[in-house]
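None of the figures in this text is laboratory data; all of them are computed from the coordinates on show. Only a predicted model underlies this, so the values are computations on that prediction, with no experimental measurement involved. Every residue, glycine as well, gets a Cβ built from its backbone with ideal geometry; the counts of neighbours run over all protein chains shown.
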Amino acid sequence: MSPFEYIEPATLEEALDALARYGDEAKLIAGGTGLVNLMKQRLVQPAYLIGLRRLGRTEGLAEIGQIDQTGPTGSAQAVRLGALCTHRALEASPLVRTAVPVLAETFERVASIRIRSVATLGGALAHADPNQDPPPSLMVLDARVGLRSSHGQREVGIEEFFVDYYETVLEPDEMVTAVIVPRPPANSGASFLKFLPQTQDDYATVAVAARLTLDADRIVQARVALGAAGATPLRANAVEAALQGQPPTPTVIRDAAALVAEAVDPSDDFRGSADYKRDMAVVFVQRALDHALGRARAGREQE
Ligand SMILES: Cc1cc2nc3c(=O)[nH]c(=O)nc-3n(C[C@H](O)[C@H](O)[C@H](O)COP(=O)(O)OP(=O)(O)OC[C@H]3O[C@@H](n4cnc5c(N)ncnc54)[C@H](O)[C@@H]3O)c2cc1C
């Protein structure tokens, strides 16, 4: 590992000032589970490491809470997740488990409990390894990412956040501060499935998240996203379009799921060949849609 200077700011403002001062030469470090590996391999060699450990109690950076969001169609409730929340805190949060259960289920599937106890939400997104689990679930929930720098703040849709392999829209002086997850509309069901043919704490061979929202007998909104299926986590737009407005029959779901084969671009590796992963993407999209549909129907019956 190359030598570096370690800085540990006490406030968000100090952290953002340090980022602005050192720019490309600096890296934030949260849980360190992604960054330290890259530093050991000398793939990343920052001159300055800005530790976020002391910021946990400031500005809601490690808090999970409910907020009201006002949009063009009125006010709606959303869950705000602070960027320094650990995966473990997110999987265990009573609010996440009730408002967006698929998210708790997703964080529960990441790596091992040791990794989840230190890995943070902001670190997971900024790391931008396309094999990670949370991004597809955040995508089907239409999540937004809150970013701050010393000269302002902005929000980007989770889909726009990922640009390429290990690359995001983050500017060198920006930090992820929160993720906003709208509560899904009524009559919705969501599912996250991770295909793990080897060990339970591995990265996915393919990961699929799906959300369906039903009207009386139609699908009024469909979301499907995948991980480990290309250079970034990706939305399966063709699958979604084939489901939109259709009755949720087994044939409609099977035919729509088949379209994902054209949307994915997996690579050959020790988790399987690209062809095998493409076939598994079709299988797991169909299963995730079936699972999401069952949940949407069960929710409707309870109302
Ligand atoms: C053994 C092992 C197994 C794993 N298995 C899985 C798995 O099955 N599924 C899965 O999804 N992931 C898996 N991971 C990846 C893991 O989820 C990520 O390493 C972790 O989420 C990164 O979070 P962190 O807080 O440790 O980030 P760090 O390692 O601290 O940082 C990662 C990157 O994010 C930047 N960063 C950190 N915080 C912020 C912020 N708030 N704003 C802007 N940039 C920031 C850093 O500068 C760095 O570039 C695994 C990792 C390991 C080591």
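A few remarks follow.
- Verdict on residue 209 being among the hydrophobic types (A, V, I, L, M, F, W, C) and either outside any strand (DSSP E or B) or more than 16 Å from the ligand (Cβ to nearest atom) (or both): no
- Some residue of segment 224-232 being under 20 Å from residue 141 (Cβ atoms) and of a type in the set (Ser, Thr, Tyr): yes
- For segment 137-156, the set of residues classified as within 24 Å of residue 24 (Cα to Cα) and either in contact with a strand residue (DSSP E or B) (Cβ under 8 Å, 6 or more places away or on another chain) or within 13 Å of the ligand (Cβ to nearest atom) (or both) consists of 145, 146, 147, 148, 149, 153, 154, 155, 156, listed by residue number.
- Of all residues making up segment 110-127, the number that are more than 7 Å from the ligand (Cβ to nearest atom) and under 22 Å from residue 285 (Cα atoms): 0
- Strands (runs of 3 or more DSSP E) contained in segment 1-65 and holding at least 3 residues under 22 Å from the mean Cα position of the chain (by Cα) and touching a residue at least 12 places away in the same chain (Cβ under 8 Å): 26-29
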